[in-house]
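The values are calculated or read from the model by the stated rules, or taken from the named source; none is laboratory data. Predicted model, so just to flag it, every value in this text is computed and none were measured. Positions of Cβ are backbone-derived with ideal geometry, glycine not excepted, and every protein chain shown enters the neighbour counts. Ligands, DNA and RNA are stripped out before the accessible areas are found, and what is left, the full protein with its side chains, is counted by its heavy atoms. Shrake-Rupley method; radii C 1.70, N 1.55, O 1.52, S 1.80 Å.
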Amino acid sequence: MRAWRSVRRWEYFGLALIVVAGLAMHFSIINEPQDVMTDEVYYVNDARGIVDGTGELRAEHPPLGQLLIAAGIALFGDTTFGWRFFSVIFGAAGIVFFYLICGKLGMSRRASHIATFLLAFENLTFVQASIAMLDVFSVTFMLAAFWLYLRKSYALSGVAICLATLAKLTGGLALPVIAAHWLLTRRDRRAYFGLSMVLAPALFFTTMPFFDAIITGYPVDPIGRVKQLLGVSASITFNGPPHPFASRPWEWILRPDVMPYYWDPQYVAVISFSIGVLIIPVLIHMVWVTRQGNTVGLFCLLWFASTYLVWIPLSLITDRMSYVFYFYPTVGAICLGLGWALSWLMDIARTSMAVRRGRAVLAVCWTYLVFHAVLLILLTPVFNFWVSFEMGAIKE
């Protein structure tokens, strides 16, 4: 009993429970389906080519994500487990970094747990960490960059931004978040911070030829390579061949739709309703608390602006085709603000409300959290897995 009490008092006990539960859910379905789904068809084939020595550079993305998928195949074989292993591991690491970000922003342990729970069991976040696509690697390095910046490890933060961008170009959106937050709140060690941020693009251009050479056997001109990446990306517009699930950035929030990745078992790219319906209220609340000097609100708004709002003018100016899973890097910002708001509401219910009313508010908050978790289970193959497992146990 004493040992159990010591474990429960451990600072990271709640985080450990969330991460272990998430990993258990991921690994329970990692082999479903036994086939490539959605963009896995591109990246798994790329990774196979890297492993067998016939790899080619993907024209629209940097090489790090494909190399990580290839590493899984090299370690565990050309199987669904090998394709998706590092996606799951990076997804879990991203949850850890997010929790650490909450702490560095001064959130209470309960608020940090709530925010982390919301992110770990949000559908879009869970699904992207379940499949062999590039986004989970980029987002995890982005979260690492935020945490390193908040703990004032500026040079390492620049390295993490570089790695996020090497996985997918959108990883570079971490840099404006950090730069704006530093300018508005810190302005310390100016030369060191400036050099650390310059380090991110400098490392990107100097290390990309090395990673490209792992794939092709020879280095590629980084300037020409970046021009190619940007050129291909700019060419994917709504004027091109139609895609049935392409959508405009404002639709992700105002008129959310489901983008199917696979139907049997069910994988869908959609923001959990429990999060999506509260995006605008959370942002309004974060604006209010930011005006009162709240550090969580400011970081939430900067994160949201850099990773989401940037898509709106980009879509209008370039007509660039986009999809709902592009919102994945922004989900953490909403969970950050929502976790803080729910904890704040619970505090008010306990201290400033009549007993009966306070209990009712607490019941609503806890019911919401349970609904959020149940919704994930219903949206993902986890539900089918446990039904099949129980039926198999009954037959035995």
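For region 260-312, give me each residue that is touching a residue at least 40 places away in the same chain (Cβ under 8 Å) and at positive phi.
none
Please verify whether region 326-340 includes one or more residues that are closer than 17 Å to Cys300 by Cα, modelled with pLDDT of 95 or more, hydrophobic (A, V, I, L, M, F, W, C) and open to solvent by 30 Å² or more (accessible area, probe 1.4 Å). Walk me through it before giving the result.
If we filter region 326-340 for residues that are closer than 17 Å to Cys300 by Cα, which is where we start, we get 327-340.
Filter once more, keeping what is modelled with pLDDT of 95 or more: 327-340.
If we keep only those that are hydrophobic (A, V, I, L, M, F, W, C) too, we end up with 327, 331, 333-336, 338, 340.
Applying the additional criterion that residues be open to solvent by 30 Å² or more (accessible area, probe 1.4 Å) yields 340.
The answer is yes; a qualifying residue exists.
Go through (1) more than 24 Å from Val159 (Cβ to Cβ); (2) touching a residue at least 24 places away in the same chain (Cβ under 8 Å); (3) of a type outside the set (A, V, I, L, M, F, W, C) one by one and return the number of the condition Arg225 breaks.
Every listed condition holds for Arg225 apart from (1).
Looking only at region 120-134, filter to residues that are outside any loop (DSSP other than H, G, I, E, B), open to solvent by less than 10 Å² (accessible area, probe 1.4 Å) and among the hydrophobic types (A, V, I, L, M, F, W, C); which one of those is nearest to Tyr43 (Cα to Cα)?
Taking region 120-134 and keeping what is outside any loop (DSSP other than H, G, I, E, B), we get 120, 123-128.
Subset that is open to solvent by less than 10 Å² (accessible area, probe 1.4 Å): 123-124, 126-128.
Add one more test, that the residue is among the hydrophobic types (A, V, I, L, M, F, W, C), and what stays is 124, 126-127.
Numbers: Leu124: 19, Phe126: 19, Val127: 16 Å.
The residue in question is Val127.
Just to be sure before I move on: is Phe137 closer than 19 Å to Met37 by Cβ, open to solvent by less than 10 Å² (accessible area, probe 1.4 Å), modelled with pLDDT of 95 or more and part of a helix (DSSP H, G or I) in the structure I sent?
On the way: closer than 19 Å to Met37 by Cβ: yes; open to solvent by less than 10 Å² (accessible area, probe 1.4 Å): yes; modelled with pLDDT of 95 or more: yes; part of a helix (DSSP H, G or I): yes.
Considered against the rule, which asks whether it is closer than 19 Å to Met37 by Cβ, open to solvent by less than 10 Å² (accessible area, probe 1.4 Å), modelled with pLDDT of 95 or more and part of a helix (DSSP H, G or I), Phe137 comes out as yes.
Can you find a residue in region 61-80 that is open to solvent by 30 Å² or more (accessible area, probe 1.4 Å) and free of Cβ contacts under 8 Å to residues at least 12 places away in the same chain?
Yes, that holds for at least one residue.
From the list Val268, Val287, which one is β-branched (Val, Ile, Thr) and closer than 30 Å to Phe245 by Cβ?
Details: Val287 fails: closer than 30 Å to Phe245 by Cβ.
Among Val268, Val287, only Val268 is β-branched (Val, Ile, Thr) and closer than 30 Å to Phe245 by Cβ.
Let's see how each residue does on (1) more than 21 Å from Thr125 (Cβ to Cβ); (2) assigned to a helix (DSSP H, G or I); (3) of a type outside the set (Val, Ile, Thr):
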site	(1), (2), (3)
Thr206	yes, yes, no
Ala213	yes, yes, yes
Tyr218	yes, no, yes
Pro242	yes, no, yes
Ile253	no, yes, no
Asp264	yes, no, yes
